[in-house]
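J.: Please read through the structure below; I'll follow up with questions.
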Amino acid sequence: MRSLLFVPADDAKKLDKAMASGADAVIVDLEDSIPAQGKADARMRAAAFIKDAVEAAHRPRLLVRINGFTTGLADADLDAVVPARPDAIMLPKAEGGADIIRADAKLSAREAVAGLPDGHIKIVAIATETATALFLAGTYSGASARLEGLTWGAEDLSAELGAQANRADGRFLDPYRLARALCLAGAAAARVQAIDTVAVDFRNAAALRRETEEARRDGFTGKMAIHPAQVPVINEVFTPSAAAIASARAVVAAFEANPGKGTVGIDGVMYDRPHLERARQLLARAAAAGLTS
Ligand code: COA
Ligand code: MG
């Protein structure tokens, strides 16, 4: 998933637009974009939308962001949306692997009741929204085969920390750069996708591009969006270029031509095992984007 577009569950027009936005995934939101009095209605709308949308022939992945475990709303959210068969749920305010095990159990029970295959619904966790969560970012490994990605957030964390701001001159400040790095390392340790947080300043295309390029550089493989205009930029940045694919192929070919060798030289540059691993990851992303077979 290169781009994951958020849509408030109570906005039918935006839900339709999101389906046609080109995003790799649509995240139907029951959490922060829905006010307390609208939660019950929003979860019914989310279920009705997902039930239809999963039947579409060419469609994005369909996620539902439920409310966090401490709100008392998560069980009713899952009761409503699991029978509609979303591809994944997004768990906000996750606090480590223990919360993923808990979400897994809740999903398993509901999948059984709804007659869905056990493990069908995957989990993407927002791993840095509380202070406690930062200290648990390394605990996701092995929690559940459902876990497919970790992402991070700066807004809830800044409230939790009592901060006055999370950015200065458009750049994240240190506590949020730490959260971003912990998300990246936690995802790599758990061998799941690392997904960058949203750019809230949705009219600023230059800032979005810079942030997305920095995310790709550091190892993220996707980024969340809040507006359809952000989707093409994110998709472009996370789609491997023809040149990058060619050089990854050259690295793989050089190792294949020298079986048993730990290092190879190509055009006067040394490549070793980490380069081979990176080349394979890039080719896997290119294949996922439909660029290679
Ligand atoms: N998904 C799908 N369509 C969206 C969209 C989204 N996230 N955000 C905007 N659009 C649509 C609008 O409905 C509008 O459609 P129209 O041209 O047919 O009228 C078009 O894109 C242009 O929207 P624009 O006027 O630029 O923005 P807006 O003022 O309508 O909406 C937001 C701004 C921030 C309220 C809106 O982008 C939004 O709701 N984003 C998601 C918020 C969210 O889910 N937050 C929780 C996660 S942080
Ligand atoms: Mg939030």
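J.: Please determine, by comparing only the residues of region 6-15 that are out of contact with any Gly (no Cβ under 6 Å at 6 or more places or on another chain) and more than 8 Å from ligand 1 (Cβ to nearest atom), which one is most open to solvent (accessible area, probe 1.4 Å).
T.: This residue is Ala12.
J.: Looking only at residues that are within 18 Å of Ile123 (Cα to Cα) and either assigned to a loop (DSSP other than H, G, I, E, B) or touching a Phe, Trp or Tyr at 6+ places or on another chain (Cβ under 7 Å) (or both) in region 44-76, which one is most open to solvent (accessible area, probe 1.4 Å)?
T.: This residue is Leu73.
J.: Output the residue which, of all residues in region 153-176 that are in a helix (DSSP H, G or I) and exposed (fewer than 13 other Cβ atoms within 10 Å of the Cβ), is nearest to ligand 2 (Cβ to nearest atom).
T.: In this case the residue turns out to be Ala159.
J.: What is the one condition in (1) within 19 Å of the chain's Cα centre (by Cα); (2) within 24 Å of Ala137 (Cα to Cα); (3) buried (at least 16 other Cβ atoms within 10 Å of the Cβ) that Lys106 does not satisfy?
T.: (1)
J.: Give me the residue from region 6-24 that is more than 16 Å from ligand 2 (Cβ to nearest atom) and outside any helix (DSSP H, G or I) and, out of that set, nearest to Pro228 (Cα to Cα).
T.: Ser21
J.: So, Asp196, is that one open to solvent by less than 80 Å² (accessible area, probe 1.4 Å) and closer than 19 Å to Met1 by Cβ or not?
T.: yes
J.: Still on this structure, I have one more. Read through the list (1) at pLDDT below 95; (2) in contact with a helix residue (DSSP H, G or I) (Cβ under 9 Å, 6 or more places away or on another chain); (3) surrounded by fewer than 21 Cβ atoms within 10 Å (Cβ to Cβ); (4) not aliphatic (A, V, I, L, M), then give the number of the only condition that Arg209 fails.
T.: Here Arg209 clears every test but (1).
J.: Something else: Specify which of the listed residues (Ile34, Ile27) is closer than 24 Å to Asp75 by Cβ, open to solvent by less than 60 Å² (accessible area, probe 1.4 Å), assigned to a strand (DSSP E or B) and within 10 Å of ligand 1 (Cβ to nearest atom).
T.: Working: Ile34 fails: assigned to a strand (DSSP E or B).
Just a single option satisfies the conditions, and that option is Ile27.
J.: Take Ala57 and tell me if it is hydrophobic (A, V, I, L, M, F, W, C), over 25 Å from Ala143 (Cβ atoms) and at pLDDT below 95.
T.: Yes; evaluated as a whole, the condition is true for this residue.
J.: Moving to a separate point now. Return the total of residues in region 235-279 being open to solvent by less than 70 Å² (accessible area, probe 1.4 Å), under 27 Å from the mean Cα position of the chain (by Cα) and not small (Gly, Ala, Ser).
T.: The qualifying residues number 8.
J.: On to the next question. Among the listed residues Asp79, Asp41, identify the single one that is charged (D, E, K, R), surrounded by fewer than 22 Cβ atoms within 10 Å (Cβ to Cβ), touching an Asp or Glu at 6+ places or on another chain (Cβ under 8 Å) and in contact (Cβ under 8 Å) with a residue 24 or more places away in the chain.
T.: None of the others qualify; the one that does is Asp41.
J.: Please verify whether Leu282 is open to solvent by less than 70 Å² (accessible area, probe 1.4 Å) and modelled with pLDDT under 95, treating the condition exactly as stated.
T.: yes
J.: Can you tell which of Arg177, Arg171, Arg110, Arg102 is away from ligand 1 (no atom under 16 Å from the Cβ) and either within 17 Å of Ile195 (Cα to Cα) or hydroxyl-bearing (Ser, Thr, Tyr) (or both)?
T.: Of Arg177, Arg171, Arg110, Arg102, the one residue that is away from ligand 1 (no atom under 16 Å from the Cβ) and either within 17 Å of Ile195 (Cα to Cα) or hydroxyl-bearing (Ser, Thr, Tyr) (or both) is Arg177.
J.: Let me ask something additional. Can you tell me which of (1) surrounded by fewer than 17 Cβ atoms within 10 Å (Cβ to Cβ); (2) not in a helix (DSSP H, G or I) is the one Ala125 doesn't meet?
T.: (1)
J.: Right, here's the next one. Output the residues belonging to region 128-152 that are buried (at least 20 other Cβ atoms within 10 Å of the Cβ) and polar (S, T, N, Q).
T.: Listed by number, the residues that qualify are Thr128, Thr130, Ser144, Thr151.
The values are calculated or read from the model by the stated rules, or taken from the named source; none is laboratory data. Because the structure is a prediction, the values reported are computed rather than measured. Neighbour counts are summed over all protein chains in view; Cβ atoms, including those assigned to glycine, are modelled from backbone coordinates with ideal geometry. Keep in mind that these areas ignore ligands, DNA and RNA; they rest on the heavy atoms of the full protein, side chains included. Shrake-Rupley method; radii C 1.70, N 1.55, O 1.52, S 1.80 Å.
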